[in-house]
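Down below is the structure, laid out as structure tokens.
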Amino acid sequence: MNRRYISILLFLSLISGCSRNALFTIKIADFGLKPGTGENAIPAIIKALKECKKHSASVLIFEKGRYDFMIDSTHSRIYYESNTTNDSPKNLAILIEECNGLTLDGGNSEFVFHGAIQPISVDHSARITIKNVNIDWDIPLTAQAKIIATSPKNIDLEIDTKQFPYEINEGKLIFTGENWKARPTGFMEYEANTHRIAAGTGDNGCIRGDWSKFTEEELRPGIVRLNGPFTRTPAVGNYLILRHSKRDHAGIFILESSNVTLESVNLYHTAGLGILSQFTRNLNFRNVKVIPNNAKNRYLSGHDDGFHFSNCAGKISVTDCEFGGLMDDPINVHGTSVRIIEKTNDHQLKCRFMHEQSTGMTWGHPNDTIGFIEHKRMQTVSKKSLKRFEKITPEEFLVEFNDPLPTGIIVGDALENLSWSPELAIQNCIFGSCRARGLLVSTPRRVLIANNKFESSGSAILIAGDANGWYESGAVSDVTITNNLFKDGCMTSMYQFCEGIISIFPIIPEVDPLKPFHRNITIEHNTFNAFDFPVLYALSVCGLKFKNNRIIRSHQFEPFHERKHFLTFESCLNVEVNGNQFEGDVLAKDIRLEKMDKSQLNSDLKLLTKSFE
């Protein structure tokens, strides 16, 4: 075969490959949808997506502008969404279903939604990219108000009636939206100048008193008085976030899909979780922001978590993303434990989803690896291959295994699906002030948390895991936390599990000091601007390193935490603390050991308190 013939073959092969991979361009305008018209965009997008599915690789392009999305009762779906109220069917706007090789390019447009609706759903699809999209509501499903006057008996609020319309009904403040009405059930106080949650408030309450006994009155349009009495009042000039709706729709829902990329997306508001990824493999988020819309003078953004990854697999990469003004945690990565309620035979178990907001999922697939958890000590005692998953009700299901069940497993113990646990890399992100913690991690695969900035209201990082309460599974085995900046806004308020700026706090009813739950956690080369005592609390870890970190005393806030030690290790093995540097009058440089022997600690710190009870 001569060289010329080989060159021709290579050229033809290249042309053929390019042809197979070429993007087929589809413009939404070709389906009659123009920006700025105010018409419902859903019908045109349904038609465009049908055309996209005809091609192996396509791009759907939107001309830059505003597009409106109204609830269409014919465009809905029954979805069981993790950590979400199971009100179905869900109202859908953009549904990408059974589609391969699609890029949705919003052209940096505004996608504006009306009522309780799910903006984007990706269902059983692969190679999907969503980019250049701004998601918002004209009337959010959370409200805010400026505090203009306070006294022990009254709080006067200024409310933007265009964004947050309301009525007073029999002395009660009711927010009214597009086909909904709701009364506030919770409050958060944000500082006007910093956009941070006011220190010392959190879940303890920025307004203290019996909300059910409060009354409200309108002094004039847009000015509402809350009548107490109150045991605490927020600061004049700050903003109250008034939470009033359910978390019944995600912002973007990604279900049983693979290779999904989100790039240059702004979620200014959501009806529930921001981006919920569930039983999906390989996710890549770049320059995705869940933040308040400053152009509308908003202090609130998402209704709940920013990114929520439930039972995902492959690799999750989160890079150059930003979070602020959320009503829950910016990122939560976990599996779902289920409880054994009956042994039906030697190969089969009947199980139940234990949390009301995590039911109905297709929890297992043939050949998935399932871990058997002795729930009191939280030890994985065996692993088996799954043969069959059969749903009985949204709450209960059967699982059958290829091999006989392990001995010793009893009703009340738990299972976790180890096959659906991801590798995780979170880099160059900004975790601004949000309700609760910053980053929650529960996965047994490799985790890298690097070059991020944290200013979370509670713990910056929580490594938990349980099969008794939330049933969010996942003992970690390889976590590196490095080159991060923990600003002094971290740990300014108390929330569940917040025992330090970094809190490693699995829920274990009966801790076995010789059999730790978590393994191999390295915390090194980070900077902590600490105003209070506790920087790290760790329970039940084997192989924990806290090395070469920089701790700088901050005087921005008053210390308040009950823990009065720099580091606390409880029931841990093989702990190393060396090379850390202290600047300023750091409140504590000591280590407290609880329920563990000092031989398990290698440290260059001179001060050491001990508790072996």
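Odds and ends about this structure:
- Among the residues of segment 79-122, the one identified as open to solvent by less than 10 Å² (accessible area, probe 1.4 Å), part of a loop (DSSP other than H, G, I, E, B) and among the charged types (D, E, K, R) is Glu81.
- Segment 294-310 - residue that is without any contact (Cβ under 8 Å) to a residue 60 or more places away in the chain and not in a loop (DSSP other than H, G, I, E, B) and, of those, nearest to Cys434 (Cα to Cα): Phe307
- Test: residue in segment 204-213 that is open to solvent by less than 10 Å² (accessible area, probe 1.4 Å), assigned to a loop (DSSP other than H, G, I, E, B) and either in contact with an Asp or Glu (Cβ under 9 Å, 6 or more places away or on another chain) or among the aliphatic types (A, V, I, L, M) (or both): yes
- From Val224, Val236, Val260, residue being of a type in the set (Val, Ile, Thr) and not in a strand (DSSP E or B): Val236
- Hits in segment 476-500 (condition: in contact with a strand residue (DSSP E or B) (Cβ under 6 Å, 6 or more places away or on another chain) and open to solvent by 10 Å² or more (accessible area, probe 1.4 Å)): Ser477, Asp478, Thr480, Thr482, Asn483, Leu485, Lys487, Asp488, Phe497, Glu499
For every residue, the table says whether it meets (1) within 12 Å of Cys498 (Cα to Cα); (2) of a type in the set (Ser, Thr, Tyr); (3) in contact with a helix residue (DSSP H, G or I) (Cβ under 9 Å, 6 or more places away or on another chain).
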site	(1), (2), (3)
Cys429	no, no, no
Cys434	no, no, no
Ile449	no, no, no
Phe454	no, no, no
Ser457	yes, yes, yes
Ala464	yes, no, no
Ala467	no, no, no
Ser473	no, yes, no
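- Taken over segment 505-527, the criterion of being touching a Leu at 6+ places or on another chain (Cβ under 6 Å) and either surrounded by fewer than 21 Cβ atoms within 10 Å (Cβ to Cβ) or part of a strand (DSSP E or B) (or both) is satisfied by Ile521, Thr527.
- Flag if Ile291 is aliphatic (A, V, I, L, M) and over 18 Å from Arg435 (Cβ atoms): no
- Among residues of segment 578-598 that are at positive phi, those with a Cβ under 7 angstrom from a residue that is charged (D, E, K, R) and outside any loop (DSSP other than H, G, I, E, B), sequence gap 6+ or separate chain, pair up as Gly579/Lys547; Gly584/Arg553; Lys595/Glu570.
- Within segment 134-177, considering residues that are free of Cβ contacts under 8 Å to residues at least 24 places away in the same chain and of a type in the set (Val, Ile, Thr), the one surrounded by the fewest Cβ atoms within 10 Å (Cβ to Cβ): Thr176
- Within segment 5-43, being at pLDDT 50 or above, in a helix (DSSP H, G or I), out of contact with any strand residue (DSSP E or B) (no Cβ under 9 Å at 6 or more places or on another chain) and more than 15 Å from Val59 (Cα to Cα) holds for one residue alone: Pro43.
- Test: residue in segment 430-438 that is open to solvent by 30 Å² or more (accessible area, probe 1.4 Å), under 28 Å from the mean Cα position of the chain (by Cα) and over 20 Å from Ala538 (Cβ atoms): yes
- Residue that is nearest to the chain's Cα centre (by Cα), among those in segment 393-408 that are open to solvent by less than 10 Å² (accessible area, probe 1.4 Å) and over 28 Å from Val447 (Cβ atoms): Phe397
- When segment 178-189 is limited to residues that are touching a strand residue (DSSP E or B) at 6+ places or on another chain (Cβ under 9 Å), of a type outside the set (D, E, K, R) and outside any strand (DSSP E or B), the one that is surrounded by the fewest Cβ atoms within 10 Å (Cβ to Cβ) turns out to be Asn179.
- Within segment 311-331, being assigned to a strand (DSSP E or B) and open to solvent by 10 Å² or more (accessible area, probe 1.4 Å) holds for Gly314, Lys315, Ser317, Thr319, Glu322.
- When the test is whether a residue is in contact with a Leu (Cβ under 9 Å, 6 or more places away or on another chain) and open to solvent by 10 Å² or more (accessible area, probe 1.4 Å), Arg247 passes it.
- Restricting Phe253, Phe285 to residues that are more than 13 Å from the chain's Cα centre (by Cα), at pLDDT 95 or above and buried (at least 22 other Cβ atoms within 10 Å of the Cβ) narrows the list to Phe285.
- Only residues that are of a type in the set (A, V, I, L, M) and either closer than 19 Å to Asn154 by Cα or in contact with a His (Cβ under 9 Å, 6 or more places away or on another chain) (or both) were counted across segment 184-219, and they come to 3.
- Matching residues in segment 338-356 - criterion: being free of Cβ contacts under 8 Å to residues at least 60 places away in the same chain, assigned to a strand (DSSP E or B) and touching a Lys or Arg at 6+ places or on another chain (Cβ under 9 Å): Thr344, Gln348, Lys350, Arg352
- Where strands (runs of 3 or more DSSP E) fall entirely within segment 528-613, those with at least 2 residues that are within 24 Å of Lys453 (Cβ to Cβ), open to solvent by 10 Å² or more (accessible area, probe 1.4 Å) and touching a Gly at 6+ places or on another chain (Cβ under 7 Å) are at 550-553.
The values are calculated or read from the model by the stated rules, or taken from the named source; none is laboratory data. Quantities reported herein were computed from a predicted structural model and do not represent experimental measurements. As a convention, Cβ positions derive from the backbone with ideal geometry for all residues, glycine included, and neighbour counts pool all protein chains shown. Protein only, heavy atoms only, side chains kept; ligands, DNA and RNA dropped before computing areas. Shrake-Rupley method; radii C 1.70, N 1.55, O 1.52, S 1.80 Å.
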